[in-house]
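Scroll down for the structure; my scribbles are underneath it.
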Amino acid sequence: MNHDSPADLIDDWRSALREELPFALELRRALHRDPRVSGREGDTRDAIIEAAGIDMAPVAETGAIGRVGPPHGPSIGIRAELDALPVHEKTGIDWASANGAMHACGHDVHLAALTAVVRAAARIELPYGLVPILQPREEAYPSGALDISRSGALDEFEVAHVIGAHVHPNVTPGSVATGGGFVNAAAGEIEISVAGRGGHGAYPHHASDVISTLASIALAIPEVLRRTVDPLVPALVSVGTLEAGNGAANVLADRGRILATVRTTRAGDARTIVDAVERMARGQAESFGTFATTSYVEGEPTLSNDRELSRVIDGLLPEAGLSASEPMRSLGADDFSYFSDARPSVMCFVGVESRGPGGRHSLHDAEFLPDEGAVERVAHTLVVGYAAAASRLAKAPRRHPA
């Protein structure tokens, strides 16, 4: 069936999706019950390939990529993440994970929705190729999206645009947030190692106090940030780990470390911040008679949505029973940014309800559990994203052979 408009395509696809949703809901529960952490997603990948019923090629070690619809010409990618987090689940549901990992970021929902979209696509006529991307290592470095981007797979499968959909409890259920331009921050990780002379807690004058050094550095980081970056430009450094000592109350540690995440929204700010933190840490350590070294691992770049594609998606959301909400811009990070750097792409934040035993919960919480309707809403969002990208491709100038 030829579709005269994006609305017709969405309507046909939604009709086909209705038959797939019961299967998708059961798949979501199965994935949630038996998750795999970053780098070990092979079982999850294989389960999705089997459920989707299509051939897919391996990519980025434990990932996969395939194509349905027209076999040649430009295509539209849809991304879902394979990995879970090393979190012990506390939702109390009868299909909770018990293996020490948890889909506490909604990736089980994304995978089930992508599978439903692919299965439904087999029963309609697509104007362009649909390329499902099963991406590993979204939650850990090295980034699976970066590996896929560098692999040449986007070129091989002729991907012109990539659509992502991520559940988010800060968006109202039934609404989807896109927004052109910046939506997520660039990220990186600082490690500050401090070494000194250990000793007995009763004789601190015979030792150098590593723990006091670490505490002083951690407390000084916000002041460094305030004096380094324009306050009108969002940026932060948050200490996530501070460790030292061996568990004894009367032993002064001879080494310890700080791990912190760096989030920035402007090119060059991360390096400026890291250099300033390094100088501060070195000076603080010297004042305590210790020695500090700082290392930095650069993570994903800023995630920016294509403005025109975002506008078209927002206009088509009502065709899928959804509404466009205000853009949700945050200092969160997502390696979908490597796709948006490579192709005009859009990350959509899909509103969900998540209420566990202790009330409302956010991403990465041990009680985070998107509602059952999230699978359908994410699937519809991916369909709308494809339809918007297809309408843009239809208007693009045709290339003629030389």
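Of all residues in segment 291-333, those satisfying the criterion of being part of a helix (DSSP H, G or I), surrounded by 19 or more Cβ atoms within 10 Å (Cβ to Cβ) and not charged (D, E, K, R) are LEU309, SER310, VAL312, ILE313, LEU316, LEU317, ALA320.
Per-residue answers, yes or no, for (1) farther than 17 Å from ALA80 by Cα; (2) surrounded by fewer than 15 Cβ atoms within 10 Å (Cβ to Cβ):
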position: ILE10; (1), (2): yes, no
position: TRP13; (1), (2): yes, no
position: ARG18; (1), (2): yes, yes
position: LEU25; (1), (2): no, no
position: GLY39; (1), (2): no, no
position: THR44; (1), (2): no, no
position: GLY53; (1), (2): no, yes
position: ALA57; (1), (2): no, yes
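Selection over segment 156-209 of residues that are among the small types (Gly, Ala, Ser) and within 16 Å of the chain's Cα centre (by Cα) gives a count of 7.
Cβ-Cβ contacts under 6 Å between residues 6 or more apart (or on different chains), taken from a first residue in segment 365-377 that is surrounded by 22 or more Cβ atoms within 10 Å (Cβ to Cβ) to a second residue that is of a type in the set (Gly, Ala, Ser) and not in a helix (DSSP H, G or I), are listed as PHE368/ALA104; PHE368/SER354; LEU369/SER354; LEU369/GLY356; PRO370/GLY106; PRO370/SER354.
In the set (1) out of contact with any Ser or Thr (no Cβ under 6 Å at 6 or more places or on another chain); (2) of a type outside the set (Gly, Ala, Ser); (3) within 20 Å of VAL375 (Cβ to Cβ), GLU61 fails one condition alone, (3). Residue pairs whose Cβ atoms lie under 6 Å apart, separated by 6 or more positions or on different chains, with the first residue in segment 23-47 and over 20 Å from ALA116 (Cβ atoms) and the second surrounded by fewer than 17 Cβ atoms within 10 Å (Cβ to Cβ) and not polar (S, T, N, Q), are ARG36/ASP43; VAL37/PRO86; SER38/ALA140.
Entry remark, segment 208-241: residues being in a loop (DSSP other than H, G, I, E, B) and closer than 12 Å to THR290 by Cα number 2 in total. Of the residues making up segment 249-264, those that are crowded, with 17+ Cβ neighbours inside 10 Å and outside any strand (DSSP E or B) are ALA253, ASP254.
Residue count for segment 65-98 satisfying the condition of being under 21 Å from GLU20 (Cβ atoms) and within 17 Å of the chain's Cα centre (by Cα): 6.
Matching residues to (1) over 23 Å from ALA333 (Cα atoms); (2) assigned by TED's automatic domain parsing to the domain that holds SER354:
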{"site": "SER149", "(1), (2)": "no, yes"}
{"site": "PHE157", "(1), (2)": "yes, yes"}
{"site": "ILE163", "(1), (2)": "no, yes"}
{"site": "HIS168", "(1), (2)": "no, yes"}
{"site": "SER193", "(1), (2)": "yes, no"}
{"site": "HIS200", "(1), (2)": "yes, no"}
{"site": "HIS205", "(1), (2)": "yes, no"}
{"site": "LEU214", "(1), (2)": "yes, no"}
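The C-beta contact set for segment 302-318 (first residue over 9 Å from VAL346 (Cβ atoms), second residue assigned to a strand (DSSP E or B) and of a type in the set (Phe, Trp, Tyr), distance under 8 angstrom, 6+ apart or interchain) comprises THR302/PHE182; LEU303/PHE182; SER304/PHE182.
The numbered conditions (1) in contact (Cβ under 8 Å) with a residue 40 or more places away in the chain; (2) at positive phi; (3) not hydrophobic (A, V, I, L, M, F, W, C) are all true for TYR141 except (2). Of everything in segment 341-380 that is hydroxyl-bearing (Ser, Thr, Tyr) and out of contact with any Leu (no Cβ under 6 Å at 6 or more places or on another chain), the residue that is nearest to ALA80 (Cα to Cα) is SER345.
The values are calculated or read from the model by the stated rules, or taken from the named source; none is laboratory data. Since we're looking at a predicted model, the values are computed, not measured. Cβ sites come from the backbone with ideal geometry, for glycine too, and all protein chains shown count toward neighbours.
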